[in-house]
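The next block holds one structure in the form of structure tokens; read it before the comments.
Taken together, the values in this text are just the output of simple stated rules run on the coordinates, not laboratory data. Just so it is clear, the model here is predicted, and its values are computed rather than measured. Ideal geometry is used to build each Cβ from the backbone, glycine not excepted, and the neighbour counts take in all protein chains shown.
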Amino acid sequence: MKEVIAIIRPNKVTATRKALDRLGFPCMSAVAVLGRGKQRGIADEVAVQISPIVRGLGSFKGMPYVPKRLLSIVVPDAMTDKVVDTIIKVNQTGDIGDGKLIVCPVEDALRVRTGETGEAAIA
């Protein structure tokens, strides 16, 4: 099993969720997060309202952190590439700030209610 962690634009969450649902993966965790990457918090790249104070003064119109969404989904090894490709397809605009994907190994999973373990716990 693998955990796919996706850091994406907030306005892409619904489309990503729908695409993963069509793929057979309706379960995920989603968290609002703040961060910044190579875009260095460039305010013009963010599709949210930003107060003039937060935008900063002078020639650098940046902000300390950019609002993003962090999605976490655990998938069977055989489906990892398909899930990653789907997330990329939905989120890739070619612009700065499209996000990041991180794929991590998962040692085990346990469904608390039933006691199922492994891939049965994530199905």
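Summing charges over neighbours of residue 105, with a neighbour being any other residue whose Cβ is under 10 Å away from its Cβ, gives -2 when K and R count +1 and D and E count -1. Between residue 89 and residue 32, what's the calculated FRET efficiency when r is the beta-carbon distance and R0 is 25 Å? Round to 0.05. Computed FRET efficiency for residue 89 and residue 32: 0.60.
Applying 1/(1 + (r/R0)^6) with R0 = 30 Å to the Cβ-Cβ distance of residue 81 and residue 18 gives a FRET efficiency near 0.95.
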